[in-house]
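Contents: one structure, followed by commentary.
The values are calculated or read from the model by the stated rules, or taken from the named source; none is laboratory data. These figures come from a predicted structure and were not determined experimentally. Don't worry about glycine lacking a Cβ; one is built from the backbone with ideal geometry, like all the others, and counts go over all protein chains shown.
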Amino acid sequence: MTTSPTPGTTATAVDLALAAALATVRRNSTTFGAGYPDDTTLNGRYLPRPATAGFPLGGNRGWTTSFFNGMEWLAWELTQEEVFRDAALAHSADFARRVRAGEDLDTHDLGFLYTLSTVPAWRLLADADGREAALLAADHLMLRLLEPAGIIQAWGDLSDPRQRGRTIVDSLMNMPLLTWAGEQTGEARFPDAVQRHTAQLREHIVRADNSTFHTFYWDIETGEALRGATEQGAFDDSCWARGQAWGIYGFALNYRATGDPLLLDAAWRCADYFLAHLPADSVPFWDLVYVDGSDAPRDSSSAAIAVCGLLELAELEGTGERAERAADAAHTMLASLIDNYTPERPEDSDALLLHSVYDLPKNNGVDEGTLWGDYFYLEALTRVALPGRKPFW
Ligand code: GLY
């Protein structure tokens, strides 16, 4: 494939970056076979996902395994190589098994998990079992819709006192599964849930200065909005970089789904704040409270997510100043990721994208590759290489 030149990136740079990324996806796919790597690399190497009670080494649990499957689907779309199609289909069949077995489903991340696994199996290969499994996952996600607040609880068992009535900015990315289920079934309960949940986040999780809370609590009896708090950011009132990036992409995708102009406005508010808080190389520190001169770690995964969100915004705007501003910012950030945040030689790391942070307060995955950073980096390159392609979301 040959891509067209754009500000900040060149066709050659994107093509070379894609070739390197695809070589790493191929290698990792062979290494892990039917299994899954852990959420992040350890010193640059992906190890099999650890065994826990009820799950074998490399088993399908947690919220990040679908990024591995999603990369195989992207690789199949980009190359049409059967090896990627077969690997992607085998993993998506495992996701169908997971939802039917009821394994590790107490999470809003069913959206991430099924939008990138069995939904593409249906969309790209008309796999009816994938469609059925994705609808089961969407039904399960609907169980987390809390009345009267109209929010989808993010984490944990619905009776867990620490998690009751709590949702998080990341949840915006889980809504496309419900939108898709609504399109497939014609049932209004799915788009209704998307509309109510996103309206609550727009109103309460985006602050007056356009930064975002990571998480927010609602009173589950009265539905009253209570307070923001962080889980992975520096402080309750700071702005966790990845949360802000989820806000850009998540609000943009939900604007596309609902047509609600307030969601487009929310996506731009998140984007403007994010772009105004970037250091010189356009890749954020892990929390936007840090500025040039800080030795805090960067979170390149936030930049990769933001690139996809900005490219989505550019497409939604079509033409004009805002479309150009979004596209220019996306290409500048992507060029920096390609130049400064990828392995120099393939053998240097198993990650496509270096220097991400999973959860710094818990010292988990700091300055490592991450499955979602790799996925969104590959999605960003794919968006540039295949303009007009329908994203999985
Ligand atoms: N959705 C969890 C995270 O971004 O770390």
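At a glance:
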| read-out | value |
| --- | --- |
| Residue within segment 21-41 that is modelled with pLDDT under 95, surrounded by 17 or more Cβ atoms within 10 Å (Cβ to Cβ), of a type outside the set (D, E) and assigned to a loop (DSSP other than H, G, I, E, B) present | no |
| Yes/no for A326 being at pLDDT 95 or above, over 18 Å from the mean Cα position of the chain (by Cα) and buried (at least 24 other Cβ atoms within 10 Å of the Cβ) | yes |
| Scope segment 290-311; condition of a type outside the set (A, V, I, L, M) and crowded, with 24+ Cβ neighbours inside 10 Å; matching residues | D299, S300, S301, S302, C308, G309 |
| Residue match in segment 171-183 (condition: over 20 Å from the mean Cα position of the chain (by Cα) and part of a helix (DSSP H, G or I)) | yes |
| Segment 90-111, residues that are assigned to a helix (DSSP H, G or I) and within 16 Å of the ligand (Cβ to nearest atom) | L110, G111 |
| Of residues in segment 200-239 being part of a helix (DSSP H, G or I) and in contact with a strand residue (DSSP E or B) (Cβ under 9 Å, 6 or more places away or on another chain), the one surrounded by the fewest Cβ atoms within 10 Å (Cβ to Cβ) | E203 |
| Which numbered condition T222 fails, given (1) out of contact with any Gly (no Cβ under 7 Å at 6 or more places or on another chain); (2) within 15 Å of T107 (Cα to Cα); (3) of a type in the set (V, I, T) | (2) |
| Single residue of segment 276-289 satisfying the filter (more than 15 Å from L337 (Cα to Cα), in contact (Cβ under 8 Å) with a residue 12 or more places away in the chain and away from the ligand (no atom under 14 Å from the Cβ)) that is surrounded by the most Cβ atoms within 10 Å (Cβ to Cβ) | L288 |
| Residue within segment 132-155 that is touching a residue at least 40 places away in the same chain (Cβ under 8 Å), more than 19 Å from G182 (Cα to Cα) and small (G, A, S) present | yes |
| Complete set of residues in segment 25-70 that are hydrophobic (A, V, I, L, M, F, W, C) and touching a Leu at 6+ places or on another chain (Cβ under 8 Å) | V25, A51, W63, F67, F68 |
| Flag if T198 is away from the ligand (no atom under 16 Å from the Cβ) and either basic (K, R) or touching a Phe, Trp or Tyr at 6+ places or on another chain (Cβ under 8 Å) (or both) | yes |
| Counted residues, segment 48-58 - those being surrounded by fewer than 15 Cβ atoms within 10 Å (Cβ to Cβ) and part of a loop (DSSP other than H, G, I, E, B) | 6 |
| Tabulated pairs, segment 8-23, first closer than 12 Å to P346 by Cα, second outside any helix (DSSP H, G or I) and not basic (K, R), C-beta under 7 angstrom, 6+ apart or interchain | A17/T342; A20/T342; A21/L352 |
| Neighbours by Cβ (under 6 Å, 6+ apart or cross-chain): first from segment 59-72, farther than 23 Å from R383 by Cα and assigned to a helix (DSSP H, G or I); second within 16 Å of the ligand (Cβ to nearest atom) and aliphatic (A, V, I, L, M) | none |
| Condition met for T167 (more than 16 Å from the ligand (Cβ to nearest atom), touching a residue at least 12 places away in the same chain (Cβ under 8 Å), of a type in the set (S, T, N, Q) and not in a helix (DSSP H, G or I)) | no |
| Candidate set: segment 113-126, residues that are over 16 Å from A181 (Cβ atoms) and touching a residue at least 24 places away in the same chain (Cβ under 8 Å); chosen: the one farthest from the chain's Cα centre (by Cα) | L125 |
| Near pairs, Cβ below 7 angstrom, 6+ apart or cross-chain, from segment 332-349 (farther than 17 Å from A303 by Cβ) to any residue that is of a type in the set (A, V, I, L, M, F, W, C) | P346/A20; P346/A23 |
| One residue from Y114, Y36 being in contact with a helix residue (DSSP H, G or I) (Cβ under 7 Å, 6 or more places away or on another chain) and under 27 Å from P346 (Cβ atoms) | Y36 |
| Some residue of segment 352-371 being surrounded by fewer than 21 Cβ atoms within 10 Å (Cβ to Cβ), within 20 Å of L172 (Cβ to Cβ) and modelled with pLDDT of 95 or more | yes |
| All positions within segment 128-167 that are buried (at least 23 other Cβ atoms within 10 Å of the Cβ) and either on the phi > 0 side of the Ramachandran plot or aromatic (F, W, Y) (or both) | none |
| Test: residue in segment 179-190 that is hydroxyl-bearing (S, T, Y) and surrounded by fewer than 18 Cβ atoms within 10 Å (Cβ to Cβ) | yes |
